[in-house]
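Here, each number is a calculation from the coordinates, and none is a lab measurement. Keep in mind that this is a model prediction, so the values were computed, not measured. Here the Cβ positions follow ideal geometry from the backbone for every residue, glycine too, while neighbour counts run over all protein chains shown.
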Amino acid sequence: DSGVTQTPKHLITATGQRVTLRCSPRSGDLSVYWYQQSLDQGLQFLIQYYNGEERAKGNILERFSAQQFPDLHSELNLSSLELGDSALYFCASSVWREGREQFFGPGTRLTVL
Amino acid sequence: KNEVEQSPQNLTAQEGEFITINCSYSVGISALHWLQQHPGGGIVSLFMLSSGKKKHGRLIATINIQEKHSSLHITASHPRDSAVYICAVNNNNDMRFGAGTRLTVKP
C-alpha cells in the first residue's frame, strides 16, 4: 500500500459526459502528479501540482483540468468525454517539488461507452 | 523515434536466471525512474537514479549519463518478478515513459 488513495476504482460513463477523479496523496507529500495509461499510447504525464499550484503540464487535453485543494487532495476533471479517453488514470505523490521518488495510487479505470 | 526506448519489449526467463532490461533516452534528464507494473495494474516505483548505481534486494539499477543509458538487473529471478518494467525520465518538469518490458519468469 503506497499510502496514495484514488476514487473511484472503476468508472463507466457515456460519450459527452463529464467525470471527476479524486486523489489523496500520502501524508506529508506536497506534490501530486496525474498520468494517463491507455493501450495505444502507454503511460503519459498529464499535470503536476505542488502545494496547491500548477507546477508542470504534460500532454493534457483542453477538455481536462485539475486542481489541488488546501488539504492537498487533487481532482482531475474530464469533460466532453470521447471513446479514446478510456484509460487507467493514475495519480502519484511525492514530497518534493522536482522529480523525486513518486508513490503511485491504485488507479481509476475509466470506460467511456 | 521515441525519446525513451526500452529493450527487449518482451522477455521470458526461467526461475533463477539473471535478467537485464535496458533503457536508452535521447533527452537531457534530471532523473531516471524504474517502475514495476503488476498484472493487476498497480505501479510501484523501484528506483530513482541521477547517477551511478542503486541496489535493493535482488534488484540493481545503473545509469550512465554520458551514454544516456540505464539498465535494470534482477538476480535470481522468481515467478513473482513477472510484471511490466517501465523506464521513465524527468525532463524539464515533464515525465517521459518507455513502452515497458513485459517480463515473464517461469518456474
When Lys and Arg each count +1 and Asp and Glu each count -1, what net charge do the other residues less than 14 Å away from residue B:11, Cβ to Cβ, add up to? -1
Find the Rg to Rh ratio for the protein assembly as shown, where Rh is the Kirkwood radius over alpha-carbon pairs and Rg uses the same atoms. 0.97
Sort A:64-72, B:27-35 by packing, meaning the average of other beta carbons within 10 Å per residue, with the highest value first. B:27-35, A:64-72
Can you give the mean number of other chain Cβ atoms that lie within 10 Å of the Cβ atoms in peptide A:82-95? 1
Find the Rg to Rh ratio for the range B:31-107, where Rh is the Kirkwood radius over alpha-carbon pairs and Rg uses the same atoms. 0.97
Counting only other chains, and only Cβ atoms inside 10 Å, what mean value do you get across the residues of B:40-50? 4
Counted neighbours (other Cβ, 10 Å), sorted fewest up, put B:48, B:95 in the order B:48, B:95
With only Lys, Arg, Asp and Glu charged, each at its Cβ (+1 for the first two, -1 for the last two), find how big the charge dipole of the protein assembly as shown is about the Cα centre; round to the nearest 20 debye. 340 debye
Along the charge dipole of the range B:25-107, pointing to its positive end and built from +1/-1 on Cβ of Lys, Arg, Asp and Glu, which listed residue (B:77, B:31, B:103) has its Cα farthest out? B:77
Go through A:9/A:57; A:9/B:68; A:57/B:55; B:55/B:106; A:57/B:68 and tell me which ones have a Cα-Cα distance over 30 Å in this structure. A:9/B:68; A:57/B:55
Highest to lowest packing among B:3-15, A:18-30, scored as the average C-beta count within 10 Å: A:18-30, B:3-15
Test of the criteria: in the range A:54-110, which GluC sites (Glu not before Pro) are in a DSSP loop and have at most 12 other Cβ atoms within 10 angstrom of their Cβ? A:62, A:82
Rounded to the nearest 20 Debye, what is the dipole magnitude of the range A:1-92 about its Cα centre when Lys and Arg each give +1 and Asp and Glu each give -1 at the C-beta? 80 debye
Distance between the C-alpha centers of the range B:1-48 and the range A:6-22? Whole Å please. 29 Å
